[in-house]
Every structure is written in structure tokens, then in C-alpha cells.
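These notes concern the structure reproduced below.
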Amino acid sequence: MARISAGIATSHVPAIGAAIDLGKTQDDYWAPVFQGYEFVRKWIKGNTPDVVILAYNDHASALMLDIVPTFAIGFADTFQSADEGWGRRPVPLVHNHIDLAAHVAEQLVIDEFDITIINEMDVDHGLTVPLSLMFGQAEEWPCKVIPLAVNVTQFPTPSGERCWKLGEAIRNAVKTFPEDLDVQVWGTGGMSHQLQGTRAGLINKEFDNKFLDLLAHEPEELATWTRLKYLREAGTEGIELIMWLIMRASLGYGVEELHRFYRVPASNTAVGHVVYRAKS
Amino acid sequence: MPRQRLYPLEDLEDIPGTKVFTARRSRQGYYLHKFCMSLMQAENREQFKKDERAYLDKFAMTDDQKQGVLERDFNKLIELGGNMYFLVKIASTDGWSAQKAVGSMTGMSPEEYAAMMLEGGRSPEGLRSIREGN
Ligand SMILES: [Fe+2]
């Protein structure tokens, strides 16, 4: 049977991807950010999953204009990195695990998540920056990836509670997949940041750290936080954090927090990153 | 049974200096955004750079929106339905960093904005709610 063995969360700031692609990770500005990922770079070598279910949001690269699915699962065999205005990131093709993706989609609909299926799309920094942070400048990604795109950009977005329940449903779906697979769920985006208007540059360290504390030990409380609270406290783009709840709920009740990292800033954003091992 | 809302929808408009991107704003910004997404192709970026006005005229945007693009006035474009994830493609085409584009909306110079971020960013104090002033 398949099982979810671990969860990872990380910010997915595009400038982090650019720093990797342009070989700037040891610059004064970037070195302290990348230091926070040294643990996971080593850890994941011994704990490479077969498949990552990767919750991210599209940033007006493939979605958001004509079609805005609340929750969507990538169903192509492969996904290319998107040209977001400065050329495609030089990263490997992302390979899907179609059998698990199909099973998860089917189970989610049974669990009343009417998920959208996407048969063709490019994936942007939301998905590729986390892969680069964990695996570096690889020739090939060492595992399959199922893209799980969440609308966190256009209101109405799903609530944190809804994301929590989606994570629970993913947990149940993976558990009932007959093949023996090691699966990780990743939540990406955040932490506090706002990219618009006179409030741009907002960072809320207190909020972010409270979120990190609760996520590890009392995550059910986070499911009650409203979208409005994220907007007010963590900025209009800080609401990406609800995708971390999908990851956390997929791990079940107790987790072992293997690593936690928080740093301000990377570009406009507070960077957060955690690694959890599932206990059950 | 009607479900109870956790907060009134109007509260989304109660955040200082902030336009929450809604389905309605997305409609208002649709052709502006179609232009922005066209910049995901290198040939289109070249054409836009060659003659910005002529390139913009290919899209069913309002004159105000076109003017906002020509002036790189991101606050104005957000006022007119824009969302930064689309608009940042204009900045990328210009070779601006996301930090420069975002900072341009704050009334600060790029250096002042970068320094503020290095010092921990903008505090949320006083910027949570127009009504409450907190
Ligand atoms: Fe994002």
C-alpha cells in the first residue's frame, strides 16, 4: 500500500529560483536563505519519495485568466517550466505519476472534492522553485510529481478549513492506493508578504511564527483562521499559507518536526520552511 | 439552509492600501491581463518593446489601462482591475526585479524599499483595518 511518509513546506519566491539558476546562492544576500535548506538537501537524499503531491498556486502562467479552478490536479505525463516573462527556468521536465493521480482524483470526488483535471499545462515558479530548493540543479528530478494547483489568488479562494479537509482526503486517498509507494506531500507559498499597493512589503514575524508553532503541534486551530485574517495579518499574498494546511492535514495527527527555518527577507517575502515526518 | 459567513464581504475592502483581487476585478482586468500573459512569449516581448503603443492597441483594453501600462503605474493598473501576478510580466519584460516592481507602488525609492525589507519589512501595525485603525 502507498503511504505518506513526510511533509515539506516552503516559500516559493521566484527570486530564489533566479538565484539558483544564476549561481548566486553564495552571495551575501542569498547565502543565509540557502543555509536554511542545507538540512533538507541532505535529508532528502536518504528520504527521496517515489512521488510528491505538490500543492502550489499558479501565478497567471497557465491558470487565472480564462479558467480559475479552486482545486486542480495536473494530469499530463510531463510538465514544462513556464516562461513567466524572462524565459523558461532551466530545470528538468516534471514527470507525473498518472496512476496515483487518477486514483487520488477519483477518491477526492467520492469525498466531495469536485476536483478539476488538467491535461495540459506549464508549471511556474510555484512548483519548480520548491523542487530546486530540495534537489538542487538536478539533471532529472529524482521522483514523480503530481501538481495540485490551488486558487489562492482570486476571491473567492477556498478557506483554510477547506484546505485542511482536502489534506485529510488526500491522506485517505493515498492510503487506499494498492501499489507500494512512498509519497510526500509538499505545501508551498507564503509566508507573510504583500505585492501590491502602499502596504507592499508587509511582513508579520509574529503571525508567521505563531503559524509555524501551531502547524506542528495544534494544527486544527489553524483550520479556523479566516481568509480575512490572512489578508489583514499576512498580506494579500500571505494567504498562500493555506496550502501548507493541505500538507499538514495529509500527515495525520502527530508529526515529528525535523526542521524549521524562518528568515526575512527574500525579495518581498518572509521565507518559511519546515520538514515533518509522519508518525502514523 | 443558508450558511453563515464568518465575516461580511465588505470587510475585504477594509484593508488599507489594498485591493483584494475578486472575480469581478478579474473581469474588469481581463484584456489587460490577456496582454500581460502575451508577454510570456519572447516574440511578443520583442514586438511590445519595438512599439509599445501599437502592441497595446491589439488588445481590447481601456485607454486608461493602456496609459497605465505605458507609465508602468502599477497602482493605477491595480485600480483598473489588475493583479500583480499578471502585471509582474511587464516588469520582467523590462528586466526589472519583482522587488523593484513591487516597491514602485509604495512611494519609496528602490533603495529605500530594499533597505526596509532588509530591516524586516513593513510592520502590519496600524495597517490591518481602515475602520479599526489598527
Ligand atoms: Fe506564490
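The values are calculated or read from the model by the stated rules, or taken from the named source; none is laboratory data. Everything numeric in this text was worked out from a predicted model, so none of it was measured. Methodologically, a virtual Cβ is constructed for each residue, glycine included, from the backbone with ideal geometry; neighbour enumeration extends over all protein chains shown. These accessible areas exclude ligands, DNA and RNA; they are computed on the full protein's heavy atoms, side chains included. Shrake-Rupley method; radii C 1.70, N 1.55, O 1.52, S 1.80 Å.
Numbers below:
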item	result
Mean accessible surface per residue for chain A, computed with a 1.4 Å probe while every protein chain stays in place, in Å²	35 Å²
With at most 16 other Cβ atoms within 10 Å, longest stretch of chain A clear of loop chymotrypsin sites (Phe, Trp or Tyr not before Pro) (DSSP)	A:30-252
Theoretical ellipticity at 222 nm over chain A - DSSP helices of four or more residues, -39500 (n - 2.57) apiece, nearest 500	-10000 deg cm²/dmol
Theoretical ellipticity at 222 nm over chain B - DSSP helices of four or more residues, -39500 (n - 2.57) apiece, nearest 500	-13500 deg cm²/dmol
Entries of A:Lys205/B:Lys34; A:Lys24/B:Lys100; A:Lys229/B:Lys34 with Cα pairs more than 28 Å apart	A:Lys205/B:Lys34; A:Lys229/B:Lys34
Charge sum, other residues only, whose C-beta stays under 14 Å from B:Tyr7's C-beta, Lys/Arg counted +1 and Asp/Glu -1	0
Cleavage-rule hits, GluC sites (Glu not before Pro), the range B:28-132, DSSP coil, Cβ neighbours within 10 Å at most 11	B:Glu71, B:Glu119, B:Glu125, B:Glu132
Residues in the range A:12-44 that, when all protein chains are in place, have 20 Å² or more less accessible area than the chain alone would give (probe 1.4 Å)	A:Tyr29
Rounded Å value of the spacing that divides the Cα centres of the range A:153-193 and the range A:1-52	19 Å
Chain A, dipole about Cα centre (Lys/Arg Cβ +1, Asp/Glu Cβ -1), debye to the nearest 20	760 debye
GluC sites (Glu not before Pro) within the range A:70-138, DSSP loop, no more than 14 other Cβ atoms inside 10 Å	A:Glu112, A:Glu120
Per-residue mean of C-beta atoms belonging to partner chains within 10 Å, peptide A:129-136	0
Relative counts (whole %) of C-alpha pair distances in the range B:1-104, using bins that are 5 Å wide	2, 12, 22, 22, 17, 9, 6, 4, 3, 2, 1, 0
3J(HN,Hα) from dihedral phi, the range A:236-246, Karplus parametrisation 6.51/-1.76/1.60, rounded to Hz, x for glycine, proline	5, 9, x, 5, 3, 4, 4, 6, 5, 5, 4
Length-normalised contact order of chain A in % [C-alpha pairs under 8 Å, at least 6 apart]	31 percent
Proportion of all alpha-carbon pairs of the protein assembly as shown beyond 27 Å (%)	48 percent
Relative contact order, percent, the range B:68-134 [alpha-carbon distance under 8 Å, six or more residues apart]	17 percent
Trypsin sites (Lys or Arg not before Pro) within the range A:214-280: DSSP coil, no more than 14 neighbouring Cβ in 10 Å	A:Lys279
Built amide H within the under 5 Å cut-off of A:Ser159, gap 5+	none
Around B:Gln47: net Lys/Arg minus Asp/Glu count, Cβ-Cβ under 13 Å	0
Total formal charge among the other residues, if their Cβ is under 14 angstrom from that of A:Gly7, Lys/Arg +1 and Asp/Glu -1	+2
